[in-house]
Amino acid sequence: MLTLALALLQAQVPIARVEVAPPTPEVTIGQTLQLTARALDGNGQPVPGARIGWFSDGEGDVDSTGLVRGGFQGYISVTAAASVPGMARPVFGIVRVRVLPGSPARVALDAPAGPLLVGSRLTLTGTAYTAQNDRRHDPLTFSSSNARVASVTPDG
């Protein structure tokens, strides 16, 4: 009797879970990433006739095909809602997409103003920024184009 009730329940609600891939996605600002989703039954098999709808919240958006576009540095929560026509309740799969800054476009140096006297030392530091002025956390290395005029260690 219990087995029959379980079989009837599975027949009424065939979707047990929604698998979204890739599981830990990343996209760069302004770029796109294609997500996929599969509606699976209790045995891990694809559910025939399942339809997937896409929704997002955060620093970008997703279209009706699962194509994500990174808008701003941060995260996008993307939900894939799977349903079978005639069934009352959809089942959701959620993935958190990390939106990364673009490539470095410039470096702002934090060096003291004024002349550097012969034999004196100073430490150079800087910060990398994207074309959209998003701060990056890349390690910077320094070099001198003329070591006879000024030498510098790789760490500044």
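A few comments on the model shown:
- Selected from GLY71, SER103, GLY60, residue furthest toward positive end of dipole (the chain; charges at beta carbon): SER103
- The 1.4 Å probe gives accessible areas that order ARG148, ARG98, largest first, as ARG148, ARG98.
- Relative contact order of the chain, defined on C-alpha pairs under 8 angstrom at six or more residues apart (%): 18 percent
- Dividing the helix sum by the residues of the chain, where each DSSP H run of 4 or more adds -39500 (n - 2.57), gives a mean residue ellipticity at 222 nm of -2000 deg cm²/dmol.
- Where the Cα pairs of the chain fall when distances are cut into 10 Å bins, in %: 10, 25, 19, 14, 12, 9, 6, 3, 1, 0
- Environment charge of LEU40, counting only residues whose C-beta is closer than 10 Å and scoring Lys/Arg +1, Asp/Glu -1: 0
- Its Cα centre serving as origin, region 13-108 has a Cβ charge dipole (Lys and Arg +1, Asp and Glu -1) of approximately 60 debye.
The values are calculated or read from the model by the stated rules, or taken from the named source; none is laboratory data. Being a predicted model, the structure only gives us computed values, none of them experimental. Virtual Cβ from ideal backbone geometry, glycine too; neighbours counted across all protein chains shown. Ligands, DNA and RNA are excluded from the accessible area calculation, which covers all protein heavy atoms including side chains. Shrake-Rupley method; radii C 1.70, N 1.55, O 1.52, S 1.80 Å.
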